[in-house]
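First up is the structure itself, then whatever we jot down about it.
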Amino acid sequence: MEVNFGNVAKNYAQYRNDLPDELLESLKLRGIDFNNKKVVDLGSGTGVLSRAIHNEGAVVVGVEPSVELIEQAKVIDKSKGNQIEYINTYAESTTLGNGLFNYVTVLRAWHWFNRDKTLDEIKRILSEKGILIVMDSGFISKSKVIDDTLQIIKAHMPNGELKSAGAKAESKQFINGFPVEWFKEWQEHKFDLKETYKFNYTVSFTNEDWCGRVGSLSWLSGFTENQRNEILDEIFTHLVKEYGDIQHNIQHGCFITILNHLY
């Protein structure tokens, strides 16, 4: 099933904004300073990370292939007073100038890229001593709410299967949430592993919020709007029947890898 996040752009904008406060704090503790720096945020989506970095004093360029996600990003930026440039293109071919950027950041998107081409592009646009920061996050809770939700989605999938997103589907072994192959690829492209680490955080959802969050998942992006609404209605009905009107505290993991480019 084809993935098109443009189909779920509004859900993505509203319900994929769970950037934990600890993320930027954890980067600062490791000497990452975005103030007065130039940053490219690849796969910037609705601008969640781009805005956070811009608020730290950086000049940020978001690179995003989905027009719909950029439109949502601009609406949110306007409401929050952020001024961020977005380029509607792919991470593999940013159209940006050579050696201009101190940092390249990626949040929840590395698994969608052609990684070899993207690494070549990152090397081209990074300045000397530039740093690549690859981040991911998602539920790690084993709660029944998640299990019930996934079973309902699975029943609607054409082949009755739920595969991991993007390149993660091909991986069998992980280090700190990242496929082991990625570390080898980074090394081959002369990116030196400075640190990889993780932390957990909790996000609280009402039944309605949870359905909104589920509506932004890549698995649902290949369905028509009517099909998506039917699936989400089924999940909502199940949650109300099974749990009543309660808050669901879902544990998430945030995974970060910091890489220095060696010239």
Check your understanding: Taking only pairs six or more apart or across chains, which ones have beta-carbon atoms under 8 Å, a first residue in segment 23-35 that is in contact (Cβ under 8 Å) with a residue 40 or more places away in the chain and surrounded by 13 or more Cβ atoms within 10 Å (Cβ to Cβ), and a second residue that is in a loop (DSSP other than H, G, I, E, B) and among the charged types (D, E, K, R)?
Key -> Phe34/Glu56
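Taking segment 80-95, which residues are part of a loop (DSSP other than H, G, I, E, B), aliphatic (A, V, I, L, M) and more than 13 Å from Asn114 (Cβ to Cβ)?
The one that is part of a loop (DSSP other than H, G, I, E, B), aliphatic (A, V, I, L, M) and more than 13 Å from Asn114 (Cβ to Cβ): Ile84.
Going by the structure shown, is Lys117 of a type in the set (Lys, Arg), at pLDDT 95 or above, loosely packed, with under 14 Cβ neighbours inside 10 Å and not in a loop (DSSP other than H, G, I, E, B)?
yes
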Exercise for review: Would you check which residues across segment 165-211 are more than 30 Å from Asp116 (Cβ to Cβ), in a strand (DSSP E or B) and polar (S, T, N, Q) and list them?
Suggested key: Asn200, Thr202, Ser204
Check your understanding: Hey, any hits in segment 25-35 for a residue that's at pLDDT 95 or above and over 17 Å from Ile256 (Cβ atoms)?
Key -> yes
Point to revise | Pairs, first surrounded by fewer than 16 Cβ atoms within 10 Å (Cβ to Cβ) in segment 73-86, second basic (Lys, Arg) and part of a helix (DSSP H, G or I), C-beta under 7 Å, six or more apart | key: Lys80/Arg51
Check your understanding: Which of (1) over 21 Å from Leu220 (Cα atoms); (2) more than 21 Å from the chain's Cα centre (by Cα); (3) in contact (Cβ under 8 Å) with a residue 12 or more places away in the chain is the odd one out, the single condition Thr95 does not satisfy?
Key -> (3)
Point to revise | Residue ID - nearest to the chain's Cα centre (by Cα), chosen from residues in segment 120-144 that are touching a residue at least 60 places away in the same chain (Cβ under 8 Å) and part of a loop (DSSP other than H, G, I, E, B) | key: Ile140
Point to revise | Qualifying positions in segment 178-192 - farther than 27 Å from Gln251 by Cα and either surrounded by 13 or more Cβ atoms within 10 Å (Cβ to Cβ) or of a type in the set (Asp, Glu) (or both) | key: Glu185, Trp186, Gln187, Glu188, His189, Lys190, Phe191, Asp192
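Residue-wise test of (1) touching a Leu at 6+ places or on another chain (Cβ under 9 Å); (2) in contact (Cβ under 8 Å) with a residue 24 or more places away in the chain; (3) assigned to a loop (DSSP other than H, G, I, E, B).
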| position | (1), (2), (3) |
| --- | --- |
| Gly160 | no, no, yes |
| Arg213 | no, yes, no |
| Gln227 | yes, yes, no |
| Glu234 | no, yes, no |
| Asn249 | no, yes, no |
| Tyr263 | no, yes, yes |
Review point. Name the residues in segment 96-114 that are surrounded by fewer than 16 Cβ atoms within 10 Å (Cβ to Cβ) and either part of a strand (DSSP E or B) or of a type outside the set (A, V, I, L, M) (or both), would you?
Key: Gly97, Asn98, Gly99, Asn114
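The values are calculated or read from the model by the stated rules, or taken from the named source; none is laboratory data. These numbers come from a predicted model, not from an experiment. Glycine also receives a Cβ, built like all others from the backbone with ideal geometry; neighbour counts cover every protein chain displayed.
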